Each structure stands twice: as C-alpha cells, then as structure tokens.
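Working notes, beginning with the structure itself.
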Number of protein chains: 2
Amino acid sequence: MFSTLASRVRRPSLMSKVVKDPTTLLPLFEDGMYMGWSGFTGVGYPKIIPIMLAEHVEQNNLQGKLKFNLFVGASSGADTEDRWAKNNMIDRRYPHQVGKNIQAGINQGRIRFGDKHLNTKDKPKSHNLDVVIIEATEITEEGFIVPGASVGATCELIQMADKIIIEVNTKLPSFKGLHDMNFYHRGANRKPNLITRVDDRVGMTSIPVDPEKIVAIVESTRSDATTPSEPMDESAALISGHILEFFAQEVKQGRMPASLPPLQSGIGNIANAIIGGLARGPFSNVRVWTEVIQDTFLDFFDEGKLDIASATSIRFSPECFDRFYARWNDYKDKIILRPQTISNAAELINRLGVVAMNTPVEFDIYGHANSTCVMGSRMLNGLGGSGDFLRNSKYSIMHTPSTRPTKTDPHGISTIVPMCTHVDHTEHDLDVFVTEQGLADLRGLTPRDRAREIIDKCAHPLYKPILTEYLELSTKACMKDNMMHEPHMLRHAFDMHLNIKDKGTMRIEDWNVSK
Amino acid sequence: MFSTLASRVRRPSLMSKVVKDPTTLLPLFEDGMYMGWSGFTGVGYPKIIPIMLAEHVEQNNLQGKLKFNLFVGASSGADTEDRWAKNNMIDRRYPHQVGKNIQAGINQGRIRFGDKHLNTKDKPKSHNLDVVIIEATEITEEGFIVPGASVGATCELIQMADKIIIEVNTKLPSFKGLHDMNFYHRGANRKPNLITRVDDRVGMTSIPVDPEKIVAIVESTRSDATTPSEPMDESAALISGHILEFFAQEVKQGRMPASLPPLQSGIGNIANAIIGGLARGPFSNVRVWTEVIQDTFLDFFDEGKLDIASATSIRFSPECFDRFYARWNDYKDKIILRPQTISNAAELINRLGVVAMNTPVEFDIYGHANSTCVMGSRMLNGLGGSGDFLRNSKYSIMHTPSTRPTKTDPHGISTIVPMCTHVDHTEHDLDVFVTEQGLADLRGLTPRDRAREIIDKCAHPLYKPILTEYLELSTKACMKDNMMHEPHMLRHAFDMHLNIKDKGTMRIEDWNVSK
C-alpha cells in the first residue's frame, strides 16, 4: 500500500517543486559535472534520475560523452552506478564502489577511483558538487529531509551542493525517528561530540536543507536492488566459533564485560555468521556500533540478546526488509542510523572501545593487511570503513578463510602471505587474525613472534611448511646483514603471488634460495 | 645554584622515603621484570637508578643475566637505554627508541622491539609494571609529581605501576605550572575530552600518585644527555621554502587562516628548518600542537610570531635549555606540556585540524610511506607519533631529501621508490610530499595521477627516468591483465633496492622487462 506523495511532502510550499516527468530535468546535466548521491552499501540511493540519465545515454548513443564525477557515501546499486559504469558515464568515483562493471571500468583504467576512508578527513581542497540527488522517505513540515535505510554521506553532500534533487520514495515507510543527525561543523573551533554510549541521541531526526537549492522533487516507487544474503559455509561457521570462544576467554579474564564491548562487524558471509553465532551465543545486553546492519541482526534482536544497534545503513535482503517493516514497532527503538562521519568517527570508535571485525584480501606473517588491491594492483571495492574501525578500536580483528581457490587448485591462494602486495592496515593497528584453522592473538608480540603465531594458528596446513621456510630463510639471511627486526627476502617476497600466473597456485615447490 | 631536596619534596611525610645510597635499592630488581621509565625524546628520563643498575651489571659481569622489559613513552638517553642495550640488559622494548646500541640489539635479534603508535590504544591485555622510575622536578604538598621537560607516558606508567621510585632533579628548575595533566579514564563510558583550542587547560599541573606505591625517593643532579641540533643544510632549507610557499598559497585560496592551522612538526633537521623558516616568515599568531618543541621554537617565540605551543616534551640542545631557563618567565605561559595520550590523541588532532609534518625513510610513487624499516627489515627508531598525526590531521605532509648517499654513490638511494619495502602510512592518509626538488599536492588525485605528480615534482632528476619507466612498464603490463588501478610489476617492484647490494646504488640501468 503506497502513500501519496502529498502525505510525504509535509511542507506545502515544496509541492510546487514536484516534477512529474523526470526527463524534463535533462538540461540540468552536463558532461564533466561533479555529482553526489545519497546511499550506502546499496540502500537509500536515488534511482529515478540516475536511471533516466542511463536511458538517455543508451537511447542517444552518448556512451563516453556524458561523464560525471560521482561521489556516494559508499556503494550504490547495480541498476544505477554499475549501469553507469557499463555506459562509460563515470570519470572519477569516490570513495567506495560495488559492481562488476564499475570494477571493470576501474581496472581497465577508464574510471578514476579514489579509494578513501569513509570518514574522510575534511579536505579543504574539496570541490563543490554541481548536483546532489537524495532519496528521502519524507520531507518534514520544516522542509527537512528524512532519509530511508541509510544516511551515509547525505548530510555532507547537501552541505557541498549547488543544486539538490530529492527523490521521495512512497513505496517505503517513512523512517522518521530512526535517525540521529549530528553532523560535524566543518571549520575551526569544533566542539567535542557528546556521544558517550551507543544509544545516545544528540542530534535531529532529519536534515536541514536550503529550500532555494532544491531544484526538483520527484516521486519514486522503486526498491533498492539488494540481494539475498549468501548461505553460511563451514569456514564462516568455524571462524565465528573461534571468535566467540575468544570473547568468552576475554570475559573470563575480566578484560571484557559480560555484555561485550560495542561491536563493529563488516559486510558479507563471515560477518553474518558471527552475528548469527552471537544470536545463539551466551552473551546478552549486547550493543553494536557499526556501519551496516545485516540480516542476522534481526535474529540477534529476536533472541533478546541485542539491546541496541547504531549504524549508518541497514542492508537487508528483500526478505528481511519485509520482516523488518512488518514488525517495525518492535525494532524501531533499537536502531539508530547516523551519518558515516559519526558512525566511523575516530573520536567515537576510540571512546566507546569498539571491537572491530573485517575481512581482508590477504594478510602477511608480520600482521599487515591488504583490503583492496589483488596482486597489488587490481581494485576490488575499496577500503570502506575498515581503516576507520581497525585503527581506532580497542580490539581489531581480521577474519578470512585461510585459502581461496584458483581455477586449477581449490587451495591455490593462501590468504596468508610472506608480504602483502598492498598494505591498507599496518602491523601497528591489528591485534587478532582468525581463519577457519584458528585464532592468532598478536597483542604484545614483536614481529618474529607474531609470524610464528600467525603461521601456527591461522595458515592452512598446505601452506604452513612453505611460510615457515620463508620465515626461516629470511631470518637466516637477515641475521647475516643485521636486519633482524622484521626478516624478509625482498627478492622472494612475492614468489607465491608470481607462481599463480605461472602455475595457477601459490604452492611453490622451492624458494630457490641457496641454503 | 641547586635547590635543596627538602625545598622540592614539599610533603614532609615523604622525606622519610628518601634514599641516600641508591645501591641499597638493588634488591628491588630481578631479571625478567617489567619496568617503566618517564622520559620522551631524550628528556625527563630517570638517570640515577638506571645508571646504578648499568654499573652493577658491568662490575659483576651480569651482561645478559639481568634483563628487563622496558617501557618508556618515547626514547630515553644514550647514558641509560643505550648503555643498557650495550650491556644486553633489555629483553622487550616498547614503543620507540633512539641509540646506536639499542638499534644494533634490535637488528641483531637480541632485543624484542614492539614498534607502536605513541598514543597506543588502551590494550586490555597489557601487563602490570613491577617498577616504574619517574624523574620529577618537584613533589607537591599533596604528594603529587611535577615532571620536568617531558610528560610522555608518565601518567599511564604510574597507573600501571606496582612500585614507584622518584628521582627528584634539583639541578633543574621546578616546572610547576607548565603541565596540563588530563589523562584518560581507561575504562568504559569515558567522557569527551574538552580541549577545543591549543591553549585550553583542562587538567591539573601535577600527577596524583598513591603514596603507598612509592618505595624510594632519590636526589638527582644529572642533566639530560641532549645533543646540539644539526646545522641546517641546503636541502632542508629548500624543503622549508616549498612548504612555506604551499602555506601561503593555501592562505591565499582561503583554505587556511592567515595564522595557519595548528602545526605539528617532527624531529630533526628538516623540522627545525621549517620552524626556523616560519620564525622569519610572514605568518603570525601561529599555534603549535605537536609532540616535541625543538631549538628553533625559541626563535619563533622571540620573533613574536608563535603564540602558544602545546607538546609532550621540550627537547632543546644544552645551549637552548640554558636560554630557556634564563628567560623562563618570558616562555612559561606560552608552553603547555601534556601527556602523550593527549598530544597524540586522534580525537584532538582531528578536532583541531592540525597540519602534520614528518620525515619518512622512503615513500613510493603511489603515496605510501615507510617510516621505520630500511629494506623492509632493519629497524631505525620506530613509528613514534607519525601515525597518530598523519592519520588524523587535516593536512598530512611528508618531507625528505629526494636522495641519500651510499658508500659509493652520493645519490645512491632514492627516497622515492616504486613500492615501499615496509608500509607505515598508506596512500589513504597522505596528502602532500616534499623534497628539495619540489612539492606534490596529491589531494583529490587517483593513484596513476599521483604517481605522475610525485615523480614530476619530487624525484631527483637522476631517478625521474628510472621511475617513469617503471610506471610506464607497469601500466602496460597491468593493462593487459585488467589491473590498472595501481599498476605494479611484482617481479620488479624492489629491483632498485636489490641493486644497492649488488652495485651500491639504486640507479639501475635496465628494468629487464621484455618491451
């Protein structure tokens, strides 16, 4: 049952800005413009205008001739940014992306991708945005914007906008009351953020916007193109088990409260498994301070073990969104959505003593991690908030299966390598690594002790002897040269990676070092 | 003219803890103990007890038999930690060090060095400290400790101490009033730090301490073993000039205030040249939020251009300490010394919008930097506060000469390399690189654009063609493989480094890639 547009645009004077036919807005758009969209992890992004522009390009063969510099809090949808990428409509893209075509565009060198922390520092050189398009679920009587299931960078994009287009989604319920909009003053003499507990509310429930900047309001009845969550596999279940056991130990030692510190968990299979494990686990009155709320959070709430979740986005599968809307009143007071400058703020992650958990591409024996570039060069989705959380959390945990398959070897890639081909998180910031094999607690260990612990606890049995031999040969070589702090053989540090191209696997037979 | 000990120990009951002969404290010390010292960058560290222990080891041939796990805010002195290293008295050493022998011990694999951010996150696994030794310049009537020219980790060490020994230095003036001791509550539900301006004072001028933990008070008349500052060379002067010109441009563009944002500058030659340049420069009412106050700060004050400097340590040459003490009343209200958890707090560096400037070992064409490990393995001094500042500042700037000499080639080492052999700071965090050749402003640039800018502006002319060829060959290779985000050739990424061992220079003749 859809609402009427008038019931969602509560400021009567703004009804005059409603545009029935979005194609009449085409003259607003020019090649080379800077554009911002609402949205975060594929929810709450604008659809009507981006799809209209994509159709315009496709129908008039304008591929590569109408290109934009596109800024979105995190990823948008397959029906928008990925379709734009396919149409060669994107020049620059910041700061995070998801989609087959956009990845291809970046790695073919067509799209210039700026891989930034989601809580990007306020950079004074930043460009104004010519047009910002925001999906809203309501416009209040004051003319303020109520977003939907994500906040992301919407507050900051509005501050930087020359012109604003609002897509009011009447298919979604109004999310009014779920948000806490407390966005940073961007200049000098900023005051402290007063949030000290996960459930603190310090801001407004909607976003003020200059009505003179609003050039159009359009109605939308399109859904976010979210996908069903992946089924849990055995490896994710084992990882989840190791982490819950670690938590139990920390509680037993008196280092964690019985309700655990506030938790951050990343996106995907393993993150979902951890939250699912917690839903069935021994901890109650848990609080979550994270970026994204995923499917298994509903179970966690339903089991009565999760008290409150603060995030910048709710990214459910279509099925779980239905479940969420059906029991809106049961969940609405347990979720707070904030701007990503707040969810990912160093100040708050640090103050709250968050436990951060994320999945890397690979990590190395000394505890550096690569979250972005396969083989040092091929971009996946970008850093996202992993750096914000891992750098500032009280516990920083990285989890991944110990191997991934290649075309010819089901264990062709070891996610534990001698040296990362790209470093996004350094040894100085990471405390704990977990694979299906086990958990390595690196706190208080120096590099060579860390290497032994990582290989021993986390590496796949097929790779243990290979990595151990690298460590031993490196140690021997560096002892001769008095460089024993973090032993490496620069000539061989990437041999396992190079072997993939030659032989389809990281399982090298010999380090080819004279012993 | 020395003070009497009684005039500095203002709480009469504590005079009963005074120990005349420090050797009577020998029974307190056992092999394997965890020990903390006050001190930061070679000032304010205890001398009497560490030197007594060193003499004990030397006189009784106990080298390697009486070893300690040693925690100091940052570095201590040549007469203490370095002498200990020579005597093989150090097992673990955290989180920063300076000294020929301690470096040698780490790189020979004898000393286990934990290279940590100076504002290390509160790690719940951390060990109690058996004995903590603090240098003070006064003990107040309440029995609280007034440190000298550094605060560093003293507050936290005292919180973790089982036993405390205080060395009261009667040769130094009392520093009472210079400090602002506002140290973090370490548990949950911490409140915001209320500092919003460089000159805010929110704490006490001395450190509370449990009198029952004080096992001894000894008098000290030893000076810190600081060294004269290095003379400015041409390269440092050029770098300083580029940075001042950049500031002037930013002010002109309206992106910086005319008094500049609060400045952080690192330690050494270039940092001293920058501050010296500012003392003669066009900016006034400048404020400094940094770790260490160095010699040229006195000129900056004397020129009337520096309003206030907040730091955790004053590290002057002996000559400048004399100048400082002689005009104590002129300087005392313009300097605030804080704990390193405050000077280096992410929350505050971020809120104040600091400009951070530090020197790396090397940086790469895509903008990653190595601050610690030469050739990926050989430890210099450690990360220090560089990560705290560069990650959280509004402007993050790295400066270094474009080349360094080897034994056979005056330009044998390029500080700009294809890929860093160790990454401490990532491309996501660094804005500007400066060498004597010029300044590369990377804000808003994507990796391949950054590489061109860095090579063009910063690389030494001898290395420009070599690095350009690496970029071009890598781009060609990665284009074929669709990995164009950050092109590399993993097989050749360290060829310049490997060439040093073979031929004494990074000037390679050929990349040996089939073209």
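The numbers here are math on the coordinates, done by the rules we state, and not lab data. Nothing here was measured: the structure is a model prediction, and the numbers come from that model. Here the Cβ is made from the backbone with ideal geometry for all residues, glycine too, and neighbour counts use every protein chain on show.
Taking Cα pairs under 8 Å and at least six residues apart, what relative contact order does chain B come out at, in percent?
Reported relative contact order: 13 percent.
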(request) Compare the Cα positions of A:GLN340, A:PHE316, A:TRP328 along the charge dipole of segment A:307-369 (+1 at Cβ of Lys, Arg; -1 at Cβ of Asp, Glu; about the Cα centre) and return the one farthest towards the positive end. (result) A:TRP328
(request) Positive end of the charge dipole of the protein assembly as shown (Lys, Arg +1 and Asp, Glu -1 on Cβ, about the Cα centre): tell me which of A:MET484, B:GLN63, B:PRO405 has its Cα farthest that way. (result) B:GLN63
(message) Placing the label point 7 Å from Cα along the Cα-to-Cβ direction, what are the distances from A:MET160 to the equivalent spots in the other copies, shortest first, in nm to one decimal?
(response) 4.0
(request) For segment A:234-462, build the convex hull from the C-alpha positions and give me its volume per residue in Å³. (result) 127 Å³
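Please report, largest first and rounded to whole Å, the three semi-axes of the ellipsoid equivalent to segment B:137-223, where each semi-axis is the square root of five times an eigenvalue of the C-alpha gyration tensor.
Here the semi-axes work out to 24, 18, 10 Å.
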(request) Using only the C-alpha atoms of segment B:257-375, find the volume of their convex hull and express it per residue in Å³. (result) 133 Å³
(request) Alpha carbons only, please: Rg and Dmax for segment A:5-220, in angstrom. (result) 17.0, 54
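Chain B: D in µm²/s via Stokes-Einstein (Kirkwood Rh, Cα pairs, 25 °C, 0.890 mPa s)? Display every interim value, and only then the final one.
Details: Rh = 24.1 Å.
It diffuses with D of about 102 µm²/s by this estimate.
Can you sort B:TRP328, B:TRP84, B:TRP511 so the residue with the fewest Cβ neighbours within 10 Å comes first? The partial results should precede the final answer.
Working: B:TRP328 11, B:TRP84 27, B:TRP511 18.
Result, fewest neighbours first: B:TRP328, B:TRP511, B:TRP84.
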(request) Work out how much length A:ALA225 to A:ASN512 would gain on full extension: take 0.36 nm times their residue separation and subtract the Cα-Cα distance, in nm to one decimal. (result) 98.3 nm
(request) Quick one: which residues, 5+ away or cross-chain, put their amide H under 5 Å from the amide H of A:ILE335? H built at 1.01 Å from N. (result) A:ALA309
(request) Over the whole of A:423-432, what's the average partner chain Cβ count within 10 Å per residue? Rounded to a whole number, please. (result) 6
(message) Could you work out how much longer the chain between B:ASP502 and B:ALA237 gets when fully extended? Use 0.36 nm per residue separation minus the Cα distance between them, nm to one decimal.
(response) 92.1 nm
(message) Compute the angle between helix B:48-59 and the longest alpha-carbon principal axis of chain B, please, reported from 0 to 90 degrees and rounded to the nearest 10.
(response) 80 degrees
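Sorted from fewest to most neighbouring beta carbons within 10 Å, what does the list B:ARG280, B:ARG491, B:ARG450 look like?
Ascending Cβ contact count within 10 Å gives the list B:ARG280, B:ARG491, B:ARG450.
So how much slack lies between B:GLU319 and B:HIS56, counting 0.36 nm per residue of separation and subtracting their Cα-Cα distance, in nm? All intermediate terms of the calculation are to be shown ahead of the outcome.
On the way: separation 263, 0.36 × 263 = 94.68 nm, distance 3.22 nm.
Between B:GLU319 and B:HIS56, full extension yields an extra 91.5 nm.
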(request) In nm, give the distance between the simple-model label positions of A:ARG197 and B:LEU26, each being 7 Å from the Cα along the Cα-to-Cβ direction. (result) 5.6 nm
(request) Compute the label-point distances linking A:VAL513 to its equivalents in the other copies; points lie 7 Å from Cα along Cα→Cβ; give nm, one decimal, shortest first. (result) 2.6
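Over all distinct alpha-carbon pairs, what is the Kirkwood Rh of segment B:15-127 in angstrom? Present the calculation step by step, with values, prior to reporting the outcome.
Numbers: mean 1/r = 0.0689 Å⁻¹.
That comes to 14.5 Å for segment B:15-127.
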(request) Taking chain B as the reference, fit the longest principal axis to its C-alpha atoms, fit the long axis of helix B:269-279 to the helix C-alpha atoms, and give the angle between the two in degrees, 0 to 90, nearest 10. (result) 90 degrees
(message) How many angstrom lie between the Cα centre of segment B:357-421 and the Cα centre of segment A:205-268?
(response) 36 Å
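Using the Cα centre of segment B:57-124 as the reference point, and only Cβ charges (+1 on K/R, -1 on D/E), how large is the resulting charge dipole? Debye, rounded to the nearest 20. List each step's numbers first, then the result.
Details: 12 positive and 7 negative charges, 50 e Å.
Using Cβ point charges on Lys, Arg, Asp and Glu, segment B:57-124 gives about 240 debye.
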(message) From the gyration tensor of the Cα coordinates in segment A:62-125, what semi-axes in whole Å does the equivalent ellipsoid have, largest first, with each one equal to sqrt(5λ)?
(response) 20, 13, 10
(request) Quickly work out the B:ARG280-to-A:LYS100 label distance, labels modelled 7 Å from Cα along the C-beta direction, and quote it in nm with one decimal. (result) 6.3 nm
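How would you classify segment B:400-515 from its alpha-carbon gyration tensor, with a ≥ b ≥ c the square roots of the eigenvalues: rounded for a/c under 1.5, else prolate if a/b is greater than b/c, otherwise oblate? Can you show the working numbers first?
Details: a/c = 1.79, a/b = 1.10, b/c = 1.63.
It is oblate, given that a/c is not under 1.5 and a/b is not larger than b/c.
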(message) With the label 7 angstrom out along Cα to Cβ, how close does B:PRO228 come to the same site in each of the other copies, in nm, nearest first?
(response) 7.8
(request) Could you pull out which residues in segment B:125-144 have an amide N less than 20 Å from a spot 7 Å beyond the Cα of B:MET204, following the Cα-Cβ vector? (result) B:132-144
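Under the rule of -39500 (n - 2.57) per DSSP H run of 4 or more residues, summed and divided by the residues of chain B, what mean residue ellipticity at 222 nm is obtained, to the nearest 500 deg cm²/dmol? Can you show the working numbers first?
Details: 16 runs with 142 residues, N = 515.
Value at 222 nm, helices only: -7500 deg cm²/dmol.
Of the listed pairs A:LYS332/A:LYS457; A:LYS457/B:LYS100; B:LYS116/B:LYS176; A:LYS501/B:LYS457; A:LYS47/A:LYS332; B:LYS65/B:LYS100, which have alpha-carbon separations greater than 32 Å here?
Working: A:LYS332/A:LYS457 41 Å; A:LYS457/B:LYS100 35 Å; B:LYS116/B:LYS176 30 Å; A:LYS501/B:LYS457 35 Å; A:LYS47/A:LYS332 25 Å; B:LYS65/B:LYS100 21 Å.
Beyond 32 Å: A:LYS332/A:LYS457; A:LYS457/B:LYS100; A:LYS501/B:LYS457.
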(request) May I ask for the angle, rounded to the nearest 10°, between helix B:447-458 and the longest principal axis of chain B, with both axes built from Cα atoms and the value confined to 0 to 90°? (result) 80 degrees
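Taking the radius of gyration and the Kirkwood hydrodynamic radius from Cα positions alone, what is the Rg/Rh ratio for the protein assembly as shown, to two decimal places? Provide the component values of the computation, followed by the final result.
Working: Rg = 28.9 Å, Rh = 29.9 Å.
Across the protein assembly as shown, the Cα-based Rg/Rh ratio is 0.97.
Going by how many other Cβ atoms sit within 10 Å of their own, how do B:MET160, B:MET181 line up, fewest first?
On the way: B:MET160 16, B:MET181 23.
Going from sparsest to densest Cβ surroundings: B:MET160, B:MET181.
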(request) Determine, for each peptide in B:236-247, B:198-209, the mean count of other beta carbons within 10 angstrom over its residues, then list the peptides with the highest first. (result) B:236-247, B:198-209
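Suppose every Lys and Arg Cβ carries +1 and every Asp and Glu Cβ carries -1, with no other charges. What dipole size does chain A come out with about its Cα centre, to the nearest 20 debye?
Values: 59 positive and 63 negative charges, 152 e Å.
It comes to approximately 720 debye.
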